[in-house]
Amino acid sequence: MRMKLKYSNIFFTLTILIIICECNGFRLLELDDNIYKAMYLTAAIGMIFICFIRINKMRTCKGSQRFIYSYSIIVFLFLIFEYIYTVRLYGGLQTAYEYANYNKCYVFVFLLIPLLYIMTIDDNFENILNSVMLLTTITLGLMLVHALLYQWYQIEFLHIGIYAKKMIRNDRFRMWDLSSLEGLAIIYGMYRILFVKQKKIRYMIQTIICFAVLVYVEQTRMMLIALVASIMVMIMMKPCKTANGILAKGAFIAIVGVVSATLVIPRLIISFSGEDSISITNRLIELEFVYRILRERGIFGLGIISHDWQQYLYYHGIYSRVHLDDIGLIGYIAQVGIWSVALFIIPMIRMLKILLNTHKNEFSVFLWSIYIYLVITSSTLFVLNSQRILMWPFCLALFEFYNMKYGKRKVETLETKKL
């Protein structure tokens with residue numbers, strides 16, 4: 001008897017492989033980063049190729065289908081244009097291989113198609129996000145144990161590289177960008193805690209672990225602010241049917257406000273004005289660099305070049321700490337110019353329209369929280385930066401699935417038979 005392998009199962013398995021490789025295999029094995037990159041790129045390209053030859057089998061609504069095709073073509077044209085523009089602008093300073101190596105992260109954007117396919121076939125978005133939550137918790141949980149052991153006993157068991165060992169903030173071991181899906185995992189964990197009755201304890205534990213790593217290990221202030229704001233939005237939008245529920249919500253918001261005003265906000269202010277104030281100085285330098293680029297290069301910006309060449313253009317070869325990634329969307333606009341409208345701003349406008357024009361339910365509250373997170377983090381932790389871009393196709397797929405399931409337009413079935 002021949003077993004028929006479903007494409008949705010292939011996509012699901014390859015997605016799990018991509019997430020594990022993006023986290024460097026939980027840093028348990030001492031493998032070269034390039035091995036992990038080759039593995040997740042191969043998996044991503046394989047998924048995209050399968051979608052390309054079987055795309056007519058997908059069940060989707062007209063609006064989502066048109067957006068998916070249009071956006072994929074725009075990203076493809078963007079990469080071709082930027083290569084031509086960069087080569088013409090800088091000549092032989094950056095080779096085709098260097099360009100491809102620096103921009104390979106954009107392959108992840110095309111994962112929108114297989115991710116939406118998984119959600120469509122299952123008629124469920126939670127299966128894939130449960131796996132995201134679990135894998136992210138494992139990654140961050142191991143790093144929390146490593147940080148505590150390193151802090152107390154100088155014991156190391158994860159392979160994180162010598163660069164990370166030198167990063168210290170507030171007298172603690174620090175390492176950031178441990179998982180590009182961390183923000184999505186925490187928001188999803190809170191969604192499960194607030195709206196889903198099953199397995200609340202499990203998601204509470206996972207969410208607490210992720211938050212602990214964010215506060216103790218990563219110490220990323222903007223992500224903390226964005227997540228707190230997103231969770232507050234979720235809590236405020238949660239419907240309360242009883243007076244006790246309304247009082248409980250008001251009490252919780254009041255407690256969070258008091259704690260923030262007395263403990264969190266003062267600490268944030270001190271961190272911005274203390275030893276870490278150098279990060280503010282660097283961002284002012286980067287903003288001055290952006291102003292120069294926009295004045296000199298116009299609507300097409302600097303072009304997609306590596307950090308080394310950004311530093312060369314600013315300091316004429318002297319080492320600096322100028323990174324356009326640090327200033328989020330503004331830095332991205334300086335780098336790719338008008339393309340930033342097509343790659344980020346238009347999809348964000350579409351997401352907002354979907355939220356405003358579709359049925360309101362618990363799923364929409366979850367998406368509102370994601371949207372708030374994307375807006376706030378665009379100031380520094382921009383989702384289209386190479387270290388965070390894997391979250392972007394998940395967000396796009398979630399919004400398109402929501403539009404397909406609850407939008408005003410009826411679902412159009414191109415072919416309903418299984419692949």
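A quick yes/no check of all residues on (1) part of a helix (DSSP H, G or I); (2) modelled with pLDDT of 80 or more; (3) within 21 Å of SER340 (Cβ to Cβ); (4) open to solvent by less than 60 Å² (accessible area, probe 1.4 Å):
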{"residue": "ASP276", "(1), (2), (3), (4)": "yes, no, no, yes"}
{"residue": "ARG283", "(1), (2), (3), (4)": "yes, no, yes, no"}
{"residue": "LEU287", "(1), (2), (3), (4)": "yes, yes, yes, no"}
{"residue": "VAL290", "(1), (2), (3), (4)": "yes, yes, yes, yes"}
{"residue": "ILE299", "(1), (2), (3), (4)": "yes, yes, yes, no"}
{"residue": "LEU302", "(1), (2), (3), (4)": "no, yes, yes, yes"}
{"residue": "GLN311", "(1), (2), (3), (4)": "yes, no, no, yes"}
Region 85-104, subset β-branched (Val, Ile, Thr) and either under 18 Å from ASP325 (Cα atoms) or part of a helix (DSSP H, G or I) (or both), residue modelled with the lowest pLDDT: VAL87
Residues satisfying the stated conditions in region 209-244, i.e. surrounded by 15 or more Cβ atoms within 10 Å (Cβ to Cβ) and of a type in the set (Ser, Thr, Tyr): TYR216, THR220, SER230
Residue within region 134-143 that is more than 20 Å from the chain's Cα centre (by Cα), surrounded by 17 or more Cβ atoms within 10 Å (Cβ to Cβ) and modelled with pLDDT of 90 or more present: yes
Every residue from region 313-329 that is at pLDDT below 90, out of contact with any Gly (no Cβ under 8 Å at 6 or more places or on another chain) and within 21 Å of VAL75 (Cβ to Cβ): GLY328
Meets criteria (assigned to a helix (DSSP H, G or I) and open to solvent by 20 Å² or more (accessible area, probe 1.4 Å)) for PHE110: yes
Matching residues in region 358-406 - criterion: being assigned to a loop (DSSP other than H, G, I, E, B), more than 15 Å from the chain's Cα centre (by Cα) and buried (at least 19 other Cβ atoms within 10 Å of the Cβ): THR358
Residue selected from region 78-107 under the condition in contact (Cβ under 8 Å) with a residue 40 or more places away in the chain and of a type in the set (A, V, I, L, M), by the criterion nearest to SER180 (Cα to Cα): VAL107
Near pairs, Cβ below 6 angstrom, 6+ apart or cross-chain, from region 331-357 (buried (at least 17 other Cβ atoms within 10 Å of the Cβ)) to any residue that is outside any helix (DSSP H, G or I): TYR332/PHE382; ALA334/GLY301; ALA334/LEU302; GLN335/GLY301; GLN335/LEU302; VAL336/GLY301; GLY337/GLY301; PHE344/LEU384
Verdict on GLN206 being open to solvent by 30 Å² or more (accessible area, probe 1.4 Å) and over 16 Å from LEU374 (Cβ atoms): no
Restricting region 55-81 to residues that are modelled with pLDDT under 80 and open to solvent by 70 Å² or more (accessible area, probe 1.4 Å), the residue that is farthest from THR139 (Cα to Cα): LYS62
Those residues of region 182-211 which are among the small types (Gly, Ala, Ser) and in contact with a Leu (Cβ under 6 Å, 6 or more places away or on another chain), in sequence order: none
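The values are calculated or read from the model by the stated rules, or taken from the named source; none is laboratory data. Note that the coordinates shown come from a computational prediction; the quantities given were computed from them, not determined experimentally. For neighbour counting, all protein chains shown are included, and Cβ atoms are generated from backbone atoms with ideal geometry for every residue, glycine included. To get the accessible areas, we keep the full protein, side chains included, count just its heavy atoms, and leave off ligands, DNA and RNA. Shrake-Rupley method; radii C 1.70, N 1.55, O 1.52, S 1.80 Å.
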